[in-house]
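The values are calculated or read from the model by the stated rules, or taken from the named source; none is laboratory data. It should be emphasised that the depicted structure is a prediction, and the values quoted were computed from it without experimental measurement. Note that each Cβ is placed from the backbone with ideal geometry, even for glycine, and that neighbours are counted across all protein chains shown.
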Amino acid sequence: MSRYQHYQTDLTLPSTTTRWHLYGAGLESLGKSGLPESVPIPEPNPNQLLVRMDAVGICYSDVKITRLGPQHPRLTGRDMIHHPVIMGHEVACTAVKIGQNLTQRFKPGQRFVVQADVFYGGKSMAMGYVLEGGFTQFGIIPEPMIEGDEGCYLIPNSPDLTYVEGALVEPWACVVASYQIAPRRAPKPEGVWVVIAHADPHVEYQFSALLDANATAEDGGTIIVAGATGKLRQHLQFAAQSHGMRWVELPENWAFDEGRSSETWQSLSQTHTQGEGFDDVILMGNLPDETTQHGLDSLGRGGHFLFSRHRAMPPLDVDMGRVHYDNVVIAGTTGWDISEAYHHTRHSQLIPSGALMILGAGGPMGQMQIHYALSQPQPPRLIVAVDRHAERIESLKEQFEDLALKRQVDLVFFNAADLSTDVQSENLRALSGGFGYDDIMCLSSAPEAIQMAYPLLTSEGLLNLFAGVPRGTRLPIDLTPFATRHLRILGSSGSSLADMKRCLELTETGELPTRRVLAAIGGMNSVQQGIDAMAKHLYPGKIVIFPHLPDLPLMGLQELQDRLPSVYQHLEDGRFWTRQAEQELFEQFLK
């Protein structure tokens with residue numbers, strides 16, 4: 001039996017495990033003296049599992065956690081000195097010890113990939129953030145991951161899958177999820193709405209499609225109204241009566257008198273949503289700019305901001321972190337029926353035969369985005385891949401030019417290094433033929449990239465914020481074209497359990513080559529070095545850590561030719577990871 005086979009079947013537990021604790025912001029806060037710490041093997045309670053971490057991908061999110069520490073949006077207020085974070089959420093693992101209440105559901109030796117975006121009791125408890133992550137040799141899978149809101153967040157996988165392939169299912173699922181964003185086409189049935197209209201003798205506002213045909217509102221909801229008259233009032237009252245919603249009337253001129261005060265909006269939110277924010281804020285007519293700004297700021301998680309406007313409006317400060325992390329949606333129309341704004345809020349799936357721009361295309365997630373676009377039944381006719389690193393662009397050319405030619409897609413590469421945003425904008429518009437882009441996928445977290453990109457959208461074009469910026473990153477955004485040309489900015493963070501299962505299925509059948517984005521490998525002791533390498537873009541792809549190969553140095557796959565030639569000879573085409581390469585690696589480094 002080879003060492004690799006022995007590792008796969010041997011479930012013997014040592015007395016201690018090594019793991020990386022992050023105690024605050026900065027790489028110097030990771031571990032002790034640049035190394036992981038040794039701690040006793042944890043014992044699972046009756047409702048938990050103990051798993052062996054077989055492979056863990058390093059994500060750029062780990063870089064952000066390290067940089068921000070307790071200021072990270074998912075860790076705000078955490079005392080990391082006493083409650084350090086164990087990062088790592090791209091995980092392939094094996095069950096080694098089963099809690100007594102779970103012996104009918106799980107067996108020692110089962111292999112899993114992990115959906116890290118855990119929700120339990122309606123709260124986000126993501127692995128590698130709130131829950132302990134994969135940068136440990138052995139870890140506990142707690143009850144929230146086993147009895148989560150979507151079910152069990154452990155997904156069994158075939159033993160034929162390599163550990164690398166398993167670990168890289170999670171980032172691929174995030175790519176797929178970014179194209180599955182479907183904003184509501186009507187207000188939330190059981191939600192809390194704020195509807196404010198500015199009386200205009202020349203306009204009769206309407207709300208012709210308040211609820212989806214199949215919508216139910218068993219728990220009712222609340223409609224808060226100011227200035228609604230005529231058909232608009234009739235439509236709203238019909239919704240309130242037929243769906244058991246509470247009706248709250250504000251003074252007609254509320255938006256003009258007290259509506260300018262953020263404290264007034266906060267008080268309204270506290271009264272009706274316990275400060276969680278409104279589900280739908282709907283503003284109709286030429287209301288004061290302060291009202292529009294406060295209405296936008298008062299949205300809750302998943303909130304939709306709809307507006308009807310008949311003249312140009314000054315830029316508003318839009319919290320782009322909330323668009324990404326909280327799924328806030330902004331939509332507008334110049335029509336009298338606010339339902340048009342909902343109707344024109346499109347799904348995030350790529351426009352068939354459209355024009356796509358990918359900002360930050362040279363990294364591992366950018367590679368996945370290009371592969372996803374090229375593999376669609378009707379791919380874009382044009383893909384413009386933008387990056388600032390010449391060597392990463394060359395790597396993209398090697399990977400995708402032949403596939404693009406085969407799919408009859410015009411794949412263009414643009415190096416934005418040392419160019420001002422004005423020059424970038426001018427050149428990128430020219431590359432689109434002067435028409436702009438139907439879809440822009442933004443993998444850059446630079447605020448200036450967002451401001452440069454959205455004016456390049458075509459009518460009904462969509463800017464997808466794949467890379468998150470911190471909540472509170474407020475940018476002046478001209479919302480006028482959101483009404484006149486129905487531009488949209490959407491964001492996604494993480495993936496669903498269904499996304500993970502689908503990507504795992506495609507990986508196991510070979511349709512989704514997760515292994516092809518692997519660029520570097522390392523052992524447990526090189527996690528800190530790996531995060532630093534990810535931050536510095538040292539490798540043109542993903543980095544995967546093998547926790548049980550502690551002394552494996554961090555190295556790119558191309559370095560294997562000189563440093564580990566017996567592993568290199570098993571790479572496919574000298575570039576891509578294989579099961580044979582993984583087996584040979586374990587033969588050399590498994591103690």
Inset, instruction - Can you work out which of the residues in the range 534-574 that are of a type in the set (D, E, K, R) and surrounded by fewer than 16 Cβ atoms within 10 Å (Cβ to Cβ) is farthest from residue 19 (Cα to Cα)? - result: 573
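Filter the strands (runs of 3 or more DSSP E) completely within the range 458-569 down to those with at least 3 residues that are within 28 Å of residue 146 (Cβ to Cβ) and among the hydrophobic types (A, V, I, L, M, F, W, C). Quick ask: steps written out before the conclusion?
On the way: elements: 474-477, 488-491, 518-523, 542-546.
Of the strands (runs of 3 or more DSSP E) lying wholly inside the range 458-569, those with at least 3 residues that are within 28 Å of residue 146 (Cβ to Cβ) and among the hydrophobic types (A, V, I, L, M, F, W, C) span 542-546.
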Inset, instruction - Kindly establish whether residue 472 is of a type in the set (Gly, Ala, Ser) and surrounded by fewer than 17 Cβ atoms within 10 Å (Cβ to Cβ). - result: yes
Legend entry - the range 410-431 residues that are in contact (Cβ under 8 Å) with a residue 60 or more places away in the chain and acidic (Asp, Glu), paired with ones that are exposed (fewer than 11 other Cβ atoms within 10 Å of the Cβ) and assigned to a loop (DSSP other than H, G, I, E, B) (beta carbon under 7 Å, 6 or more apart): none
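Give the residue that is surrounded by the fewest Cβ atoms within 10 Å (Cβ to Cβ), with candidates limited to residues of the range 263-309 that are within 16 Å of residue 187 (Cα to Cα) and of a type in the set (D, E, K, R). Break it down into steps so the answer makes sense when it comes.
We begin by selecting, within the range 263-309, every residue within 16 Å of residue 187 (Cα to Cα); these are 273, 277-284, 295-296, 298-308.
From the residues that got through so far, the ones that are of a type in the set (D, E, K, R) too are 279-280, 301.
Numbers: 279: 23, 280: 24, 301: 13.
Residue satisfying both the conditions and the ranking: 301.
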Inset, instruction - Output the residue which, of all residues in the range 422-450 that are of a type in the set (S, T, N, Q) and within 24 Å of residue 174 (Cβ to Cβ), is surrounded by the fewest Cβ atoms within 10 Å (Cβ to Cβ). - result: 445
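Would it be correct to say that residue 345 is buried (at least 18 other Cβ atoms within 10 Å of the Cβ), under 25 Å from residue 206 (Cα atoms), of a type in the set (Ser, Thr, Tyr) and under 20 Å from the mean Cα position of the chain (by Cα)?
Values: buried (at least 18 other Cβ atoms within 10 Å of the Cβ): yes; under 25 Å from residue 206 (Cα atoms): yes; of a type in the set (Ser, Thr, Tyr): yes; under 20 Å from the mean Cα position of the chain (by Cα): yes.
Yes: the conditions hold for residue 345.
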Legend entry - Selection status of residue 125, more than 23 Å from residue 590 (Cα to Cα) and touching a helix residue (DSSP H, G or I) at 6+ places or on another chain (Cβ under 9 Å): yes
Inset, instruction - With the checklist (1) modelled with pLDDT under 90; (2) buried (at least 21 other Cβ atoms within 10 Å of the Cβ) in hand, flag the one item residue 312 doesn't pass. - result: (2)
Legend entry - All positions within the range 474-491 that are on the phi < 0 side of the Ramachandran plot, touching a strand residue (DSSP E or B) at 6+ places or on another chain (Cβ under 7 Å) and either in contact (Cβ under 8 Å) with a residue 40 or more places away in the chain or of a type in the set (D, E, K, R) (or both): 474, 475, 476, 477, 479, 482, 483, 485, 488, 489, 490, 491
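Based on what the data block shows, is residue 466 crowded, with 18+ Cβ neighbours inside 10 Å, under 25 Å from the mean Cα position of the chain (by Cα) and farther than 30 Å from residue 73 by Cα? Talk me through it step by step, then tell me what you get.
Numbers: crowded, with 18+ Cβ neighbours inside 10 Å: yes; under 25 Å from the mean Cα position of the chain (by Cα): yes; farther than 30 Å from residue 73 by Cα: no.
So residue 466 does not fit the description; no.
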Legend entry - helices (runs of 4 or more DSSP H) within the range 351-448 that include 1 or more residues more than 28 Å from residue 506 (Cβ to Cβ): 390-406, 421-431
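Scanning for something touching a Pro at 6+ places or on another chain (Cβ under 6 Å) and either part of a loop (DSSP other than H, G, I, E, B) or in the same structural domain as residue 461 (by TED's automatic domain parsing) (or both), does the range 333-345 turn up at least one residue? Steps first, answer last, please.
Start the filter on the range 333-345 by keeping residues that are touching a Pro at 6+ places or on another chain (Cβ under 6 Å), which leaves 345.
Within this subset, residues satisfying the condition of being either part of a loop (DSSP other than H, G, I, E, B) or in the same structural domain as residue 461 (by TED's automatic domain parsing) (or both) are 345.
Scanning the range 333-345, I find at least one residue that is touching a Pro at 6+ places or on another chain (Cβ under 6 Å) and either part of a loop (DSSP other than H, G, I, E, B) or in the same structural domain as residue 461 (by TED's automatic domain parsing) (or both), so the answer is yes.
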Legend entry - Sole exception among (1) at pLDDT 95 or above; (2) part of a loop (DSSP other than H, G, I, E, B); (3) under 30 Å from residue 467 (Cα atoms) for residue 113, by number: (2)
Inset, instruction - Run residue 431 past the list (1) modelled with pLDDT under 95; (2) among the hydrophobic types (A, V, I, L, M, F, W, C); (3) under 18 Å from residue 411 (Cβ atoms) and report the number of the one that doesn't hold. - result: (1)
Inset, instruction - Report yes if residue 95 is in a loop (DSSP other than H, G, I, E, B), buried (at least 18 other Cβ atoms within 10 Å of the Cβ) and small (Gly, Ala, Ser), otherwise no. - result: no
Inset, instruction - Could you list, in sequence order, all residues of the range 83-107 that are without any contact (Cβ under 8 Å) to a residue 12 or more places away in the chain and under 21 Å from residue 528 (Cβ atoms)? - result: 83
